[in-house]
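Here the structure is laid out as structure tokens; the discussion comes afterwards.
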Amino acid sequence: MKLKVAIFENQRHLAEKIENLLFHYHPTLFETSIYYSSNKLLAHIPTIEYDFFILTLEQLPPNGLKVAQKIREQNTNIPLILLANNPNQVKLEEIFLVHPFDYMIQPIQKNRFFKTLESVTNSLAQTRQTISFMENKKTVRINSATIIYFEKDRRQVIIHTKEQHHITYMSTKYLLKLLNHKFIQVHTSYIINLDFVSVIKKNYVYLKKDNTKIIKVPISRKFKESAFKKIVLD
């Protein structure tokens, strides 16, 4: 599953530089949206579930710090990476009030930025370690690391784990939102856990359940290119 990232920067060349750094960190991990207008970004927040924000702080409108404050009013936990083009224009006490995940001064240092990306992706993965669903009118919670793959049959979802399988009902779109970037869709009916991939061939991926059990899952034409890239790069 890709991580949705909102970039707020009023200078186009700097926004594109941030987007390029995200791509070079991992070509398929992030889905980016660039905003030059604070009003447009704030209008989209209720309708688009971003995983984290990269915001440039400026005193002149549009003001990135005010955007950060508005985001914090709606979500106290979402990671905010704050950047300053001119650190003399921002007050540290105001920055710390919005509890940033990290604060950096531009120009961005690639190694420092990559360490921050590693930290934020690890943090997001930890918050998604368990998934919850209804089964037989009861709420079930399981560790996502134990899930080998999901099998879809219309609205029904069969969750195959190391020990057993569960059956619940949800849409593919909703299911993907619950999962971290270790899970990818390879077919309309299958979502797999990359940690269990043993071999990938032209039209199939083989998942290793244990030392004796191998599971063969089809890869459809629609998802083949993205699946191959993700499996090879992971």
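The values are calculated or read from the model by the stated rules, or taken from the named source; none is laboratory data. Remember, predicted model here, so these are calculated numbers, not experimental data. As a convention, Cβ positions derive from the backbone with ideal geometry for all residues, glycine included, and neighbour counts pool all protein chains shown.
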Checked 116, 139, 146 against criteria (at pLDDT below 95, among the hydroxyl-bearing types (Ser, Thr, Tyr) and surrounded by 12 or more Cβ atoms within 10 Å (Cβ to Cβ)); the one match is 146
Within the stretch 151-167, does at least one residue satisfy the condition of being surrounded by 19 or more Cβ atoms within 10 Å (Cβ to Cβ) and either without any contact (Cβ under 8 Å) to a residue 24 or more places away in the chain or farther than 24 Å from residue 232 by Cβ (or both)? yes
Of the listed residues (49, 58, 31), the one being at pLDDT 90 or above and acidic (Asp, Glu) is 31
The residue that is surrounded by the fewest Cβ atoms within 10 Å (Cβ to Cβ), considering only those in the stretch 72-84 that are over 20 Å from residue 122 (Cβ atoms) and at pLDDT 85 or above, is 73
Would you confirm whether or not the stretch 32-40 contains a residue that is within 24 Å of residue 184 (Cβ to Cβ), touching a residue at least 40 places away in the same chain (Cβ under 8 Å) and surrounded by fewer than 17 Cβ atoms within 10 Å (Cβ to Cβ)?
no
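In contact (Cβ under 8 Å) with a residue 12 or more places away in the chain, farther than 30 Å from residue 139 by Cβ and not aromatic (Phe, Trp, Tyr): does that describe residue 177? Before the answer, list the steps.
Details: in contact (Cβ under 8 Å) with a residue 12 or more places away in the chain: yes; farther than 30 Å from residue 139 by Cβ: no; not aromatic (Phe, Trp, Tyr): yes.
Against the criterion (in contact (Cβ under 8 Å) with a residue 12 or more places away in the chain, farther than 30 Å from residue 139 by Cβ and not aromatic (Phe, Trp, Tyr)), residue 177 does not qualify.
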Requiring at least 2 residues that are closer than 30 Å to residue 231 by Cβ, within 21 Å of the chain's Cα centre (by Cα) and not assigned by TED's automatic domain parsing to the domain that holds residue 178, the helices (runs of 4 or more DSSP H) wholly within the stretch 1-109 are 12-25
Residue set 9, 49; condition among the charged types (D, E, K, R), surrounded by fewer than 17 Cβ atoms within 10 Å (Cβ to Cβ) and within 21 Å of residue 116 (Cα to Cα); output residue 49
